[in-house]
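A.B. asks: What follows is a single structure, and I will ask about it in a moment.
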Amino acid sequence: MKNIRLFITIIVVIVIILMGSWLVTRINPRFSTTVALKWVNQAQFAGMYVANEKKYYRNAGLTVTFKEFNFQTNPIDYLKNGIADFVLMSPEEFMIHVNNGEDVYAVAEFFQISPYAFVSLKEKNIKTPADFQYKILGVKGKKIEQELAYLLLLDTFGVEKDTVDIKVLDFEKKEWNNLIDHDADVLDLYRTDQLYYFKKEGIAYNLIQPEQYEVNIGNDILVTKKSFAIQHPNIVRKFVQASVKGWQKAIENPQEAVNDTMLYITDEEYKDMAYQKFILENSIPLIKPSTLTHIGYIDIEKFINLYKEMTEKGFITHEFNIKEFITDEFILQ
């Protein structure tokens, strides 16, 4: 008799738990959202993978899908077409979209220091931007942020633009091959990524880091539509704060974050755990440069300066108040 009562009690408890879970789901249904990445899955986005694997998104009531980069589609198009609610992009790209009158709203910035740097073969003896004069400056893929960084560095050292050749290069060759084949004397790259192969191949190089010359623009800003942020402020807040929590966890335990990242990688080149560890370890000082840095923080003054610089260089053609298109409210709450 006691066994029957115990069995019934267990069944009742299980039913109550299941009903409770069902009611919670009915009352607080999960919101499915997609974030479009600016490159293929790899440790540059480790914080988000950690947030997903550690259920930070799930616990916030979100089901998150990552839209991997491909060369056929500009990630911003996923936002425009409603396929994604969030997209990662550079601050310079963001400025151009604002200039074009598009519905964009920056809600976080994950790289306080941009990973972009400029590499040359050590034998070229190019040590500072002053050495750019009469050199071929390579730009892979013709992105605005690379050209702007070159121009700002030239200004810093008083080097006239007409004394250099800014040359657009495609992705047919790897960066080190472009330099070895003399396609360019200097080349832009992500110091957190492509330098792995320079080191692996034993290629001696010099590296110019723009922030050392007070050219620091940041990178990987999280963008949504302003209309979406107004309509779904709690969704934006939950996504931002769960992502920040994911990055904090990744910084505290890089190896575990690399393990989580490996679950998402589809590109064969990136299926190298040592490569992913290199990317993450070199990203961390750019995401959180000091103990006082709040992960994801948007420095509004930096955006104001960027607006002025891009206007002076002719990239921005319309006047607007950049403060209306960026916010730190989702980070600070």
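A.B. asks: Any residue in region 47-64 that is free of Cβ contacts under 8 Å to residues at least 40 places away in the same chain sitting within a Cβ distance under 6 Å of a residue that is surrounded by fewer than 24 Cβ atoms within 10 Å (Cβ to Cβ) and not in a helix (DSSP H, G or I)? List the pairs, counting only those 6 or more apart or interchain.
C.D. replies: 63/30; 63/32
A.B. asks: Could you please find all residues in region 79-96 being surrounded by fewer than 20 Cβ atoms within 10 Å (Cβ to Cβ) and free of Cβ contacts under 8 Å to residues at least 60 places away in the same chain?
C.D. replies: Let us first name the residues in region 79-96 that are surrounded by fewer than 20 Cβ atoms within 10 Å (Cβ to Cβ), namely 80-83, 96.
The answer is 80, 81, 82, 83.
A.B. asks: Taking region 97-113, which residues are surrounded by fewer than 19 Cβ atoms within 10 Å (Cβ to Cβ) and polar (S, T, N, Q)?
C.D. replies: 99, 100
A.B. asks: Could you tell me how many of the residues in region 196-211 are under 23 Å from residue 154 (Cα atoms) and either of a type in the set (Phe, Trp, Tyr) or surrounded by 19 or more Cβ atoms within 10 Å (Cβ to Cβ) (or both)?
C.D. replies: 3
A.B. asks: Is it the case, given these coordinates, that residue 236 is farther than 30 Å from residue 33 by Cβ and either of a type in the set (Val, Ile, Thr) or crowded, with 16+ Cβ neighbours inside 10 Å (or both)? Write out each step before concluding.
C.D. replies: Numbers: farther than 30 Å from residue 33 by Cβ: no; either of a type in the set (Val, Ile, Thr) or crowded, with 16+ Cβ neighbours inside 10 Å (or both): yes.
Here the answer is no, as residue 236 does not meet what is asked.
A.B. asks: Another one. Only one of 278, 315, 320 is in contact (Cβ under 8 Å) with a residue 40 or more places away in the chain and either outside any loop (DSSP other than H, G, I, E, B) or in contact with a strand residue (DSSP E or B) (Cβ under 6 Å, 6 or more places away or on another chain) (or both); which? Please lay out each step first, then the result.
C.D. replies: Numbers: 315 fails: either outside any loop (DSSP other than H, G, I, E, B) or in contact with a strand residue (DSSP E or B) (Cβ under 6 Å, 6 or more places away or on another chain) (or both); 320 fails: either outside any loop (DSSP other than H, G, I, E, B) or in contact with a strand residue (DSSP E or B) (Cβ under 6 Å, 6 or more places away or on another chain) (or both).
Criteria check complete, one pass: 278.
A.B. asks: Given the structure, is residue 131 in the same structural domain as residue 66 (by TED's automatic domain parsing) and either at pLDDT 95 or above or polar (S, T, N, Q) (or both)? Walk me through how you get there before you give the answer.
C.D. replies: Working: in the same structural domain as residue 66 (by TED's automatic domain parsing): no; either at pLDDT 95 or above or polar (S, T, N, Q) (or both): yes.
No.
The values are calculated or read from the model by the stated rules, or taken from the named source; none is laboratory data. Owing to the predicted nature of the structure, the values given are computational and were not obtained by experimental measurement. Ideal geometry is used to build each Cβ from the backbone, glycine not excepted, and the neighbour counts take in all protein chains shown.
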